[in-house]
Amino acid sequence: MVTATYPPRLFDAGGDLSKTWYIDYRIWDTDKGAVVRKRYEGMNKHRTLAARRRAAKVALAEIVALLAQGFTTGEAPTVDIGLDAQRATLLEAVQFVGAQKKRAAGRSGEDYSRLACRVKEYPAFANLPLALARPAHVLAFMTWLSKRPKFGPKSYNSYRDTLSSVFNYLVKLEVLERNPVRGVERHKVPDSDKHQPYTEAQRRKVVDELAARGNTQLLLFISFIYYCFIRSGGELRLLRVRDI
């Protein structure tokens, strides 16, 4: 939570009563939709060292307690969306958005579940307050991810894009001002020698061979794949006459 990362602190000028004492703290501003810095100076009305220290101690305890209870500043009322932007960690944000995406699209949300598992494995990122996330934090997480076995550029880009969609969703809700993933570039995926299309000469050779064998059903099956650009398993196999 934010208050744990930036706990309220008393600056007492070394006990000098001629200087301004203050308590420095961070609090969620509902108007700005962000954590803002505040100062409390009420203890300076006391003119003796003992009285000022006593007042500062009481004020510091009250501020800590109020922040722990979720108090905010600003005129706009807080809205309960199921995610406390002031207290939420990055892991909680990923889980929240994953649940929203799954509910909206009716899909399993595997990409978000997979991302949540990886985030959980990196506590420095998982426990970071959402409001404090910066591109440097994202880059550190992605660099850690890239050291996993068999983790190539395609996997890197997939996780990066899923994480970016998490932040984009929160930006649209105005929970965050900006998407920190935008500062982290995608990796270039090298050209692969797999899944190369058949040349016209190769296609003609296959057609001639099947025609010579009289295997018209297989030829029709292959022709659907070639001319319709559909996959054999999850698309062509399930194709029905009424679909054509």
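The values are calculated or read from the model by the stated rules, or taken from the named source; none is laboratory data. Keep in mind the model is a prediction, meaning the values are calculated, not measured. So basically every Cβ, Gly included, is an ideal-geometry build from the backbone, and we count neighbours across all protein chains shown. What goes into the accessible areas is simple: the full protein's heavy atoms, side chains included, and nothing from ligands, DNA or RNA. Shrake-Rupley method; radii C 1.70, N 1.55, O 1.52, S 1.80 Å.
One residue stands out in the stretch 1-25 among those that are at pLDDT 90 or above and aliphatic (A, V, I, L, M): the one that is least open to solvent (accessible area, probe 1.4 Å), namely 23. Scanning the stretch 216-242 for residues that are under 18 Å from residue 197 (Cβ atoms), open to solvent by 100 Å² or more (accessible area, probe 1.4 Å) and assigned to a helix (DSSP H, G or I) yields one hit, 227.
Restricting attention to the stretch 147-203, the residues that are more than 10 Å from the chain's Cα centre (by Cα), assigned to a helix (DSSP H, G or I) and β-branched (Val, Ile, Thr) add up to 1. If the condition is being assigned to a loop (DSSP other than H, G, I, E, B), surrounded by 15 or more Cβ atoms within 10 Å (Cβ to Cβ) and either in contact (Cβ under 8 Å) with a residue 12 or more places away in the chain or on the phi > 0 side of the Ramachandran plot (or both), then the stretch 26-72 contributes 30, 33, 72.
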